[in-house]
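Handing you a structure now.
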Amino acid sequence: MASALHNQALTDRVLAKRDALISLTQDLIRIPTLNPPGENYRDICDYLDRRLANYGFATQLIRAHGTPGDSDRFPRWNIVARCDGPHTGDCVHFNSHIDVVEVGNGWTHDPFGGVLIDGRIYGRGACDMKGGLAASIIAVEAFLEEHPDFHGAIEISGTADEESGGYGGVAYLAGKGFFDPSRVQHVIIPEPLGHDRICLGHRGGWWAEIETFGEIAHGSMPFLGDCAVRHMGAVLDKFETDLFPAMAKRHTDMPVIPDGARHSTMNINSIHGGQAEQTDDSTGLPAHCVPDRCRIVIDRRFLIEEPLDVVRNEVTSLLDALKTNRPNFDYALRELNAVLPSMTDKNAPVVRTVSAAIADVLGRAPDYVASPGTYDQKHIDRIGRLKNCIAYGPGILELAHKPDEYIEVDDMLDSAQVMALSLAKVLLH
Ligand SMILES: [Zn+2]
């Protein structure tokens with residue numbers, strides 16, 4: 001264990017890198033890695049490759065061939081960089097996604113300008129999560145300068161497509177063995193949960209399309225047809241009277257934030273029935289038809305206390321009851337995706353390490369939280385079979401995906417000190 005004196009030298013070294021941290025964050029924001037479609041992944045990987053090679057990292061650029069969205073025009077590139085110390089020991093891995101979501105409206109700053117105003121850097125991805133990536137790189141560089149004679153290894157990965165499920169990123173790498181517990185023992189994902197909070201995991205998600213069927217007829221004689229939208233209305237009515245009240249009663253022991261997400265929830269993502277909607281510039285009137293199909297997409301978020309088959313059966317049993325009781329009702333259900341909840345034990349080594357480092361830097365114990373939505377921990381847990389994983393990084397979660405997204409430089413510096421001290425706690429013997 002490093003002495004207090006050593007730790008002070010290390011955190012001072014992080015603080016001395018303030019300007020380097022700012023310019024690194026700006027450089028990353030200025031590479032527009034929009035997803036969809038998955039632009040400039042190779043450019044940002046090349047940038048990280050040059051940066052980390054300077055510090056003696058061995059780097060691999062890995063394209064996730066054949067994953068959703070991968071094409072020669074929009075290849076899914078990832079980078080994994082590893083620096084082995086002179087002595088054997090554990091490997092600490094920092095994983096950041098390199099993609100950002102669409103810009104949207106309402107910006108007053110250039111979303112890819114990375115402008116610094118009053119200690120805040122603005123841009124799409126500033127908080128989610130190029131600021132976290134930059135903080136982890138600065139932490140690692142400070143650690144390597146201060147303690148080159150360390151045990152074990154440090155890895156930094158920049159991965160694609162987290163915002164669209166992570167299949168061309170962490171899921172692909174986990175499938176190739178990059179997160180096998182025999183080569184990586186501690187994973188920190190610098191998502192924007194805040195410099196004083198440790199995120200232990202996330203709820204599960206189940207996405208499905210439900211379709212109801214009818215029979216087309218003239219709109220003036222609907223009794224000659226069968227309205228698929230009315231059948232869907234019966235489905236939604238069942239949801240309102242049975243499903244939503246039942247879900248609201250279920251609480252989780254997971255420390256999910258915000259409070260409203262500490263229950264089971266479901267969003268009706270979309271509804272479509274009858275003729276396709278006309279475009280805004282169309283002046284035609286609709287033809288008069290009874291709709292013969294209606295579709296909804298549901299987004300069900302579930303708790304670690306709820307098994308996935310129970311979540312599925314709860315919906316299908318409502319639909320089956322309608323099939324029994326409602327004349328001419330029939331449905332099809334197509335599962336779109338399923339992600340299981342993930343929850344790291346509060347006493348796991350990486351939690352204890354980062355918790356102690358937060359106490360060193362901020363002088364108090366962290367809050368333990370869980371995320372309402374999923375992030376790449378799901379793949380590290382299920383595919384990589386690595387349980388010693390958390391999200392910890394700078395930024396305000398509520399700013400993610402918003403206009404004028406920003407990251408505070410001081411927030412990044414706090415997190416970078418915590419990350420550097422965490423490395424010292426694991427890799428210095
Ligand atoms: Zn993110």
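The values are calculated or read from the model by the stated rules, or taken from the named source; none is laboratory data. Quick caveat: nothing in here was measured; it's all calculated off a predicted structure. No Cβ is skipped: glycine too gets one built from the backbone with ideal geometry, and neighbour counts run over all protein chains shown.
Quick check on the stretch 249-257. Is at least one of its residues under 30 Å from Ala126 (Cβ atoms), within 16 Å of the ligand (Cβ to nearest atom), part of a strand (DSSP E or B) and of a type outside the set (Phe, Trp, Tyr)?
Our first condition is that a residue be under 30 Å from Ala126 (Cβ atoms); within the stretch 249-257, this holds for 254-257.
Still in the running and within 16 Å of the ligand (Cβ to nearest atom): 257.
From what's left, part of a strand (DSSP E or B): none.
The answer is no, given that none of the residues of the stretch 249-257 is under 30 Å from Ala126 (Cβ atoms), within 16 Å of the ligand (Cβ to nearest atom), part of a strand (DSSP E or B) and of a type outside the set (Phe, Trp, Tyr).
Another question, if that's okay. Any idea how many residues of the stretch 383-404 are surrounded by fewer than 24 Cβ atoms within 10 Å (Cβ to Cβ), of a type outside the set (A, V, I, L, M, F, W, C) and under 21 Å from Pro255 (Cβ atoms)?
Number satisfying all stated conditions: 3.
Only one of (1) of a type in the set (S, T, N, Q); (2) at pLDDT below 95; (3) surrounded by 14 or more Cβ atoms within 10 Å (Cβ to Cβ) is not met by Ser3, so which one is it?
Against the list (1) of a type in the set (S, T, N, Q); (2) at pLDDT below 95; (3) surrounded by 14 or more Cβ atoms within 10 Å (Cβ to Cβ), Ser3 comes up short only on (3).
Taking interchain pairs and intrachain pairs at least six residues apart, which have beta carbon atoms under 6 angstrom, with the first residue in the stretch 347-360 and of a type outside the set (S, T, N, Q) and the second part of a helix (DSSP H, G or I)?
That search, which allows pairs on different chains as well, returns Val354/Ser422; Ala357/Val418; Ala357/Leu421; Ala357/Ser422; Ile358/Val418; Asp360/Leu421.
Ok, one more. Go through the stretch 343-384 and give me each residue that's of a type in the set (Asp, Glu) and within 23 Å of the chain's Cα centre (by Cα). Break it down stepwise before answering.
Just the residues of the stretch 343-384 that are of a type in the set (Asp, Glu), to begin with: 345, 360, 367, 376, 381.
Across the stretch 343-384, the qualifying residues are Asp345, Asp367, Asp376, Asp381.
Going residue by residue through the stretch 153-172, is there one that turns out to be over 18 Å from Val100 (Cα atoms), away from the ligand (no atom under 16 Å from the Cβ) and surrounded by fewer than 18 Cβ atoms within 10 Å (Cβ to Cβ)?
no
Let me ask something additional. With the structure loaded, tell me whether Asn313 is surrounded by 12 or more Cβ atoms within 10 Å (Cβ to Cβ) and modelled with pLDDT under 95 or whether it fails that test. Even if it seems obvious, please write down each step before you answer.
Details: surrounded by 12 or more Cβ atoms within 10 Å (Cβ to Cβ): yes; modelled with pLDDT under 95: no.
In short, no.
Within the stretch 304-338, can you find the residues that are under 24 Å from the mean Cα position of the chain (by Cα) and part of a loop (DSSP other than H, G, I, E, B)?
Ile304, Glu305, Glu306, Pro307
Checking Val100 against (1) crowded, with 24+ Cβ neighbours inside 10 Å; (2) farther than 17 Å from Glu191 by Cα; (3) within 16 Å of the ligand (Cβ to nearest atom): exactly one of these is not met. Which one?
(2)
Further question: Taking the stated definitions as given, is Gly169 at pLDDT below 95 and under 30 Å from Arg30 (Cα atoms)? Before the answer, list the steps.
Numbers: at pLDDT below 95: no; under 30 Å from Arg30 (Cα atoms): yes.
So Gly169 fails the test.
Okay, moving on. What are the residue pairs meeting all of these: first residue in the stretch 239-250, first residue free of Cβ contacts under 8 Å to residues at least 40 places away in the same chain, second residue surrounded by 14 or more Cβ atoms within 10 Å (Cβ to Cβ), Cβ atoms under 8 Å, and 6 or more apart or on different chains?
Close Cβ pairs satisfying both conditions: Phe244/Met266; Met247/His263; Met247/Ser264; Met247/Thr265; Met247/Met266; Ala248/His263; Ala248/Ser264; Lys249/His263.
Go through (1) surrounded by fewer than 16 Cβ atoms within 10 Å (Cβ to Cβ); (2) in contact (Cβ under 8 Å) with a residue 24 or more places away in the chain; (3) outside any loop (DSSP other than H, G, I, E, B) and name the single condition Val80 misses.
Going through the list (1) surrounded by fewer than 16 Cβ atoms within 10 Å (Cβ to Cβ); (2) in contact (Cβ under 8 Å) with a residue 24 or more places away in the chain; (3) outside any loop (DSSP other than H, G, I, E, B), Val80 breaks only (1).
Take the stretch 179-194 and flag every residue that is surrounded by 24 or more Cβ atoms within 10 Å (Cβ to Cβ) and more than 16 Å from the ligand (Cβ to nearest atom). Walk me through it before giving the result.
Quick first cut of the stretch 179-194, residues surrounded by 24 or more Cβ atoms within 10 Å (Cβ to Cβ) only: 179, 184, 186-193.
Of everything in the stretch 179-194, those that are surrounded by 24 or more Cβ atoms within 10 Å (Cβ to Cβ) and more than 16 Å from the ligand (Cβ to nearest atom) turn out to be Phe179, Val184, His186.
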